[in-house]
Amino acid sequence: MLCHIDEIPDGGARGFSLAQGKVFALKKRQKLYIYLNRCPHLGLPLEWEPHAFLDAEGLYIKCANHGAFFLPESGECIQGPCLGDSLWSIDYELVNGLIMIAEEELPALPAPI
């Protein structure tokens, strides 16, 4: 369980540390998206400050390390060194408003460069 869906404001994001790695969830127009917190460029976490995954306007996911921008709805990189790559989407299930993911389904990835 990550948290209750109401703990993530619409237009906001929240990061989580799990045994297999870090993920983040964001809510846009009341729809939830969950991604592995790992930029496809060098495999680094996207944020420098806790829960700071979005650009100043809240329109795009932003990698604080290299300035890449990603579409919230698909995770596709639209600007930056990983142009055309995508964030790793994580499947989830809502159970009575609780966001549930199966940790064993997180991708096994090499260590960051």
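Looking at F16, is it buried (at least 18 other Cβ atoms within 10 Å of the Cβ) and of a type in the set (F, W, Y)? So F16 does not fit the description; no.
So if I check each of I90, I99, I61, I34, which one is over 10 Å from the mean Cα position of the chain (by Cα), crowded, with 18+ Cβ neighbours inside 10 Å and in contact (Cβ under 8 Å) with a residue 24 or more places away in the chain?
Within the list I90, I99, I61, I34, the selection yields I99.
Examine the range 4-11 for a residue that is more than 15 Å from D91 (Cα to Cα), part of a loop (DSSP other than H, G, I, E, B) and touching a Gly at 6+ places or on another chain (Cβ under 7 Å), and state whether such a residue exists.
Narrowing the range 4-11 to residues more than 15 Å from D91 (Cα to Cα): 4, 6-11.
If we keep only those that are part of a loop (DSSP other than H, G, I, E, B) too, we end up with 8-11.
Right, trim to touching a Gly at 6+ places or on another chain (Cβ under 7 Å) and you get 11.
The answer is yes, given that some residue of the range 4-11 is more than 15 Å from D91 (Cα to Cα), part of a loop (DSSP other than H, G, I, E, B) and touching a Gly at 6+ places or on another chain (Cβ under 7 Å).
Go through the residues of the range 68-76 one by one and say whether even a single one is in contact (Cβ under 8 Å) with a residue 24 or more places away in the chain and among the charged types (D, E, K, R). Yes, there is a match, as at least one residue in the range 68-76 is in contact (Cβ under 8 Å) with a residue 24 or more places away in the chain and among the charged types (D, E, K, R).
If you go through the range 44-57 and keep only what is more than 13 Å from the chain's Cα centre (by Cα) and surrounded by 14 or more Cβ atoms within 10 Å (Cβ to Cβ), you end up with nothing.
We did not get these values from a lab; they are worked out from the coordinates using the rules stated. As the structure is a computational prediction, the values presented were derived from the model and not from experiment. Backbone-built Cβ (ideal geometry, glycine too); neighbour counts: all protein chains shown.
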